[in-house]
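A short write-up of the structure that comes next.
Laboratory data are not the source of any read-out in this text; all were calculated from the coordinates shown. In this text, all values refer to a predicted model and were calculated from it rather than measured experimentally. As a convention, Cβ positions derive from the backbone with ideal geometry for all residues, glycine included, and neighbour counts pool all protein chains shown.
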Amino acid sequence: MKGLSPIVFFNSNPSNTDEQGKGLRTSDTLIIIPAFNEAWNITHLIKEIKAEGNYDILVIDDASSDGTGKLAKKTNLAHVISLPHNLGIGGSVQTGFKFANIHGYKYIVQVDGDGQHKVNEISRLLKLIKLDKADVVVGSRFNKKHKGYRSSSLRRLGIKIFEILGILMIQQRIKDSTSGFRAYNRETIKFLSKFYPVDYPEPEAIILLGKNGFRISEVFTKMNPRKGGKSSLNKRGIFYMLKVSLGMIMTYIRPKSA
Amino acid sequence: MGEKAPYSIDVNIFKMQYIAIFGSVVLLIFILNLIRRKRIKEEYSLLWLLLSIVFLVFSVWREGLDFISRLMGVAYPPAALFLILLMAIFMILIQFSIIISKQAENNKNLTQEHGLLKFDHENLQKRVKNLEDKLKE
């Protein structure tokens, strides 16, 4: 196949070298941004991440009604997957895992679309993964001295309960298991693209991963207070805590995932 | 069935029996018709069929119901029938929850797959267009 066939032509493009036609990967790290009605922030966030380092970006537009997906596409700096109907945070993030798995990314960092996560902390999360010290790194909002952004008291109570459940079930102390600021390596991506909890997945995912032998680390990161939009968590309060606690317990007593 | 049942409110019980027979026959025909018209899949209709047959059998066969209610320690036989039906309805509802959960999982996977394929599709379109533009040059 040496002639000027279209295929060769195609592969001569440096960004399209992958033989399986998955040549859109330009970095080994994918930043996934699950976004539901984050139009006010998405363009800024994408530009900020792009300026931070050589990362590919995937925005999962969870059937937003405010044009989040279109704005993200317009930047020309991010891949955008638009879901046909709203799946919630768990289903959106898992779409990102599936995408990363298909396209062969080595690392994923999940950054929420609401601008709470500081993009200059991304490299700190990745560091432990790249050193092979952990399979999952959680960026926690609790500084050792409790500086920076602190959340509502109800949410803090929930986080405390999840922390205790984590200690009891997988003997790991994760102080902020609700944080969606996370980095994962290839093995974890593969696993989570098959098994990922729905609805409010973060604390359940901790138990799921711990139970299946993945090494979890936590890094203390500063967080921005929310600039706009609404948290999907706080308004549901007690129901959220009960649902997640039940989910964690069920994950714990379920047999290991294959 | 013609003899007088040993209840002080037997008139009501006979009336109730006719209503039960009528109701259960209508239910059975209704379910069978839904299956015939493919409005319910056979696998989801089994519990409904079972329920309407049990309902019919005990509405017709009073002695059987009396026997069962004595076994269950229920003084008023129609109450035993209601209890049996209630349990059957619980089972059907639980079956519904199982089916809904399975469909929600399938639905989620399809939605994700749809998003991924749409992405691939748009990407390929872009690449084909680039290619055509280059070939034209």
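In this structure the amide hydrogen of A:Gly139, modeled in the peptide plane, comes within under 5 Å of the amide hydrogens of A:Phe181, A:Arg182, A:Ala183, A:Val219, none closer than 5 places in sequence on its chain. The mean count of C-beta atoms from other chains within 10 Å of the C-beta of residues in B:119-128, rounded to a whole number, is 4. Counting Cβ atoms of other protein chains within 10 Å of each residue's Cβ and taking the mean over peptide A:75-88 gives 3.
Can you flag which of A:Lys70/A:Lys130; A:Lys70/B:Lys134; A:Lys222/A:Lys243; A:Lys74/B:Lys129; A:Lys70/B:Lys136 are past 23 Å Cα-Cα?
In this structure, A:Lys70/A:Lys130; A:Lys70/B:Lys134; A:Lys222/A:Lys243; A:Lys70/B:Lys136 exceed 23 Å between Cα atoms.
In order along region A:111-125, the Karplus-derived 3J(HN,Hα) couplings, from 6.51 cos²θ - 1.76 cosθ + 1.60 at θ = phi - 60°, round to 10, 5, x, 8, x, 6, 8, 7, 5, 6, 8, 4, 5, 5, 5 Hz, and Gly and Pro are given as x.
Over all Cα atoms in chain B, the spread is summed up by Rg and Dmax: 27.8, 100 Å. With a 10 Å cut-off around each Cβ of A:94-106, the average count of Cβ atoms from other chains is 2. Volume per residue for the protein assembly as shown equals 223 cubic angstrom (convex hull of Cα atoms). Each residue of region B:129-136 was assigned a 3J(HN,Hα) from its phi angle through the Karplus curve 6.51 cos²θ - 1.76 cosθ + 1.60 (θ = phi - 60°); the sequence is 5, 4, 4, 4, 4, 5, 5, 5 Hz, with glycine and proline shown as x.
Close amide H pairs (under 5 Å, H built 1.01 Å from N) link A:Ile32 with A:Leu58, A:Val109, A:Gln110, A:Val111, residues at least 5 positions away or on another chain.
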